[in-house]
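S.K.: What follows is a structure written as structure tokens; I'll ask about it next.
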Amino acid sequence: MTDKTGGAKVALEEVRFSYGEMRMHFDLSVPAAQIAAIIGPSGSGKSTLLNLIAGFETPQSGTIHIGHMNVTRTPPAERPVSMVFQENNLFAHLDVEANIALGRSPKLKLTAADRAAVESAIARVGLAGKEKRKPQALSGGEKQRVAIARALVRNRPVLLLDEAFASLGPALRIQMLDLIKALHAETAMTVLMVTHHPEDALHLDAALIFLENGVVAASGSASDLLSDKGPEALKRYMGTTA
């Protein structure tokens, strides 16, 4: 897997979804090959937004496009998307190599090209030499590297990260952000990342999408939105209002 995946534009148009009493209404567009960080208070709809894009939730109305595809009713497995969760979802009985290979073949029936892709992904996330280790022998950061490598071998143009680094300490989180930055430079995929750390967006030189009460309250470059001239709602969330 040495060629660039290339990203795909992600667009939600008049997408409405209700979760209990919470009514959400998403209108947003993330250009191909951009990194976008999604922030906002708990319950503002961050994970739901990713789940709608991935297909784990279906909107009550509106459309979702990935690239030129209308994926609004497309099953998750058929969408050009990979997703990494806070819980890395590794199989304890499988080693690093096999856990990653699941991204190519759920039954682990691998072709020579599949094996080459797995080997390449292992090297790219810095796990060379640890192919035969089981998850219990890995650190938290290494487990998330396995999950990212599994997403990489799927070779999809869109990568979704749902608080993927929330359980890691500050130093490890920065390592993971640097890894995403390097992989993005290499593959040019589109990345949407839910985080509770707005500074992550600055570290990645990303766009910022701020959700509040189920709507996009602000969006733009992180450096602009997080500056003194940023919107008041975001300043309140950040605790930086005067």
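The values are calculated or read from the model by the stated rules, or taken from the named source; none is laboratory data. Fair warning: this is a prediction, and the values are worked out from it, not measured in the lab. FYI the Cβ positions are ideal-geometry reconstructions off the backbone, even for glycines, and counts take in every protein chain you see. Accessible surface areas use protein heavy atoms only, side chains included; no ligands, DNA or RNA. Shrake-Rupley method; radii C 1.70, N 1.55, O 1.52, S 1.80 Å.
S.K.: Protein chains only, probe 1.4 Å: how do Tyr19, Tyr237 rank by accessible area, largest first?
M.R.: In descending accessible area the options line up as Tyr19, Tyr237.
S.K.: Could you give each residue of the stretch 220-227 its phi-based ³J(HN,Hα) in whole Hz, using Karplus coefficients 6.51, -1.76, 1.60 with θ = phi - 60°, and x for Gly or Pro?
M.R.: Taking θ as phi minus 60°, the curve returns x, 6, 4, 5, 6, 5, 8, 7 Hz for the stretch 220-227.
S.K.: Would you mind computing Rg(Cα) / (2.2 N^0.38 Å) for the stretch 92-155, counting N as its residues? Don't jump to the answer; show the numbers that get you there.
M.R.: Details: Rg = 10.4 Å, N = 64, 2.2 N^0.38 = 10.7 Å.
This ratio for the stretch 92-155 stands at 0.97.
S.K.: So what J values fall out for the stretch 116-133 if you push phi through Karplus, 6.51 cos²θ - 1.76 cosθ + 1.60 with θ = phi - 60°, rounded to Hz, Gly and Pro as x?
M.R.: Going residue by residue, I get 5, 5, 5, 4, 5, 5, 4, 5, 5, 9, x, 10, 4, x, 10, 4, 9, 7 Hz, with x marking Gly and Pro.
S.K.: Have a look at Leu127, Ala77, Pro59 and report the one farthest towards the positive end of the charge dipole of the stretch 50-135, computed about the Cα centre with Cβ charges (Lys/Arg +1, Asp/Glu -1).
M.R.: Leu127
S.K.: So which lysines can Lys132 reach, going by Cα to Cα under 26 Å and dropping same-chain residues fewer than 8 places off?
M.R.: Lys107, Lys109, Lys143
S.K.: Per DSSP helix of 4 or more residues, -39500 (n - 2.57); summed, then divided by the residues of the chain. What does that give at 222 nm, rounded to the nearest 500?
M.R.: So the calculated ellipticity at 222 nm is -9000 deg cm²/dmol.
S.K.: Can you list residues whose amide H is under 5 Å from Thr72's amide H, if they're 5+ apart or on another chain and H is modeled 1.01 Å from N?
M.R.: Amide H to amide H, under 5 Å and 5 or more residues apart or across chains, Thr72 pairs with Ile64.
S.K.: Cut-off under 20 Å on the C-alpha distance; same-chain residues fewer than 8 positions from Lys235 excluded. Which aspartates and glutamates are left, in chain and number order?
M.R.: Leaving aside aspartates and glutamates fewer than 8 places away in the same chain, those within reach of Lys235 are Glu199, Asp200, Asp205, Glu212, Asp224.
S.K.: OK, next. Please work out the average accessible area per residue across the stretch 92-155, using the 1.4 Å probe convention, and give it in Å².
M.R.: Value for the stretch 92-155: 47 Å² per residue.
S.K.: To the nearest 10 square angstrom, how much accessible area does Ser82 have with a 1.4 angstrom probe?
M.R.: 0
S.K.: Please compute P(r) over all alpha-carbon pairs of the stretch 12-57, binned at 10 Å starting from zero, and give each bin as a whole-number percent.
M.R.: Per 10 Å bin, starting at 0, the Cα pair percentages come out as 23, 60, 15, 1.
S.K.: How many angstrom lie between the Cα centre of the stretch 60-96 and the Cα centre of the stretch 151-199?
M.R.: Value for the Cα centre distance between the two parts: 15 Å.
S.K.: Go through 140-147, 129-136, 172-179 and give me the packing order, highest mean Cβ count within 10 Å leading. List each step's numbers first, then the result.
M.R.: Details: 140-147: 21.8, 129-136: 13.2, 172-179: 17.8.
Ranked by mean Cβ neighbours within 10 Å, highest first: 140-147, 172-179, 129-136.
S.K.: Taking the Cα atoms only, what angle lies between the long axis of helix 140-153 and the longest principal axis of the chain, rounded to 10 degrees?
M.R.: Once rounded, the angle reads 90 degrees.
S.K.: Right, something else. Could you sort Glu199, Glu163 by accessible area so the largest value comes first, with the probe set to 1.4 Å?
M.R.: In descending accessible area the options line up as Glu199, Glu163.
S.K.: On the accessible surface of the stretch 92-155, probed at 1.4 Å, how many percent belong to carbon and sulfur atoms?
M.R.: Carbon and sulfur atoms account for 51 percent of the accessible area of the stretch 92-155.
S.K.: OK, next. Can you tell which of Gly40, Gly103, Gly169 shows the greatest fluctuation in a Gaussian network model of the chain with Cα springs below 10 Å?
M.R.: Gly169
S.K.: Next question. Express in nm, to one decimal, how much length is gained between Glu199 and Ser167 on full extension, taking 0.36 nm for each residue of separation and deducting their alpha carbon distance. All intermediate terms of the calculation are to be shown ahead of the outcome.
M.R.: Numbers: separation 32, 0.36 × 32 = 11.52 nm, distance 1.63 nm.
Stretched fully, the Glu199-Ser167 segment lengthens by 9.9 nm.
S.K.: A further question follows. Using amide H atoms built 1.01 Å from N in the peptide plane, name the residues 5+ places from Glu212, or on other chains, whose amide H lies under 5 Å from its own.
M.R.: Residues meeting the amide H criterion: Ala217.
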